[in-house]
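Comments concern the structure below.
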Amino acid sequence: MGHVRRILSTYGFRGRLGILSSVIRTRSGFNALNDAAGPAAVILTLECVNRRALILKRTKADLSVTDAVEVLDNGRLAGVDTGVTLVVGLDSIEAVTEWLRRAASTLTMFPNLQIFQAHGPFMAAFRHPGAETHEFFLKARRSFENVLKQYPTRPDLWSNYRPLWYYEYAGQPVV
């Protein structure tokens, strides 16, 4: 990303550069990223909290959800903006809510909570029971919002193409 920063700087761009990643995990790695390309943001591609070895490729699955909280904190402490992607519908609402409860204080960006879309029978096999209904996602939205609303981050419609929040979050319009 240092090369990208240098090229963009020649055109006057000094804004934040973001990367989706699950491989930058240490404070020294985040410091190196910030030194080379800062201001920077890392969105941790966590995807799910359970059945990680079954659903994800090995290089993502080897990061435990407990370690993911530490990774996010490493980034935050290094001065990198931190976010996370989770696919809602792969796990129980309770499992995701509990993980968000532990991780929310490490996030400087609102989590990218994407609605799971099963594009066929194979993908549908990974869906959590009940996640084929609208009610599942409405319940998930309420549960996640109860955890996240105490933090200053808010959903950005432009950053999530399958969001849980379209019009309102914590009683305020989503803009």
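Quick notes on this one:
- Which of L46, L8, L63, L54 has the fewest Cβ neighbours within 10 Å, and the rest in rising order: L54, L8, L63, L46
- Calculated P(r) of the stretch 89-141 - Cα pairs past 17 Å, %: 41 percent
- Build a GNM of the chain with springs between Cα atoms under 10 Å apart, and of A53, A125, A104 the one that fluctuates most is A125.
- Residue-count net charge about R141 - beta-carbon cut-off 13 Å; Lys, Arg +1, Asp, Glu -1: +1
- Estimated purely from DSSP H runs of n ≥ 4, each contributing -39500 (n - 2.57), the mean residue ellipticity at 222 nm for the chain is -11500 deg cm²/dmol once divided by its residues.
- Computed magnitude of the charge dipole of the chain (debye, nearest 20; Cβ of K, R +1, Cβ of D, E -1): 340 debye
- Ignoring aspartates and glutamates fewer than eight residues from K57 along the same chain, the ones with Cα atoms less than 15 angstrom from its Cα are E47.
- Viscosity 0.692 mPa s, 37 °C: Kirkwood-radius Stokes-Einstein D of the stretch 1-101 over Cα pairs, µm²/s: 228 µm²/s
- Build a GNM of the chain with springs between Cα atoms under 10 Å apart, and of F110, F13, F137 the one that fluctuates most is F13.
- Max mean-square fluctuation residue, GNM over the chain, Cα-Cα springs under 10 Å, options R127, R162, R58: R58
- Projected-area average for the chain over all orientations - Cα convex hull basis, square nanometres: 10.8 nm²
- Lysines with Cα under 28 Å of K139, excluding same-chain neighbours fewer than 8 positions away: K60, K149
- Computed over Cα pairs, the Kirkwood radius of the stretch 20-70 leads via Stokes-Einstein (0.692 mPa s, 37 °C) to a diffusion coefficient of 279 µm² per second.
- Potential extension, D67-M1 segment - 0.36 nm per residue separation minus Cα distance: 21.3 nm
No value in this document is a laboratory result; all are computed from the given coordinates. Source: prediction; values computed, not measured. For neighbour counting, all protein chains shown are included, and Cβ atoms are generated from backbone atoms with ideal geometry for every residue, glycine included.
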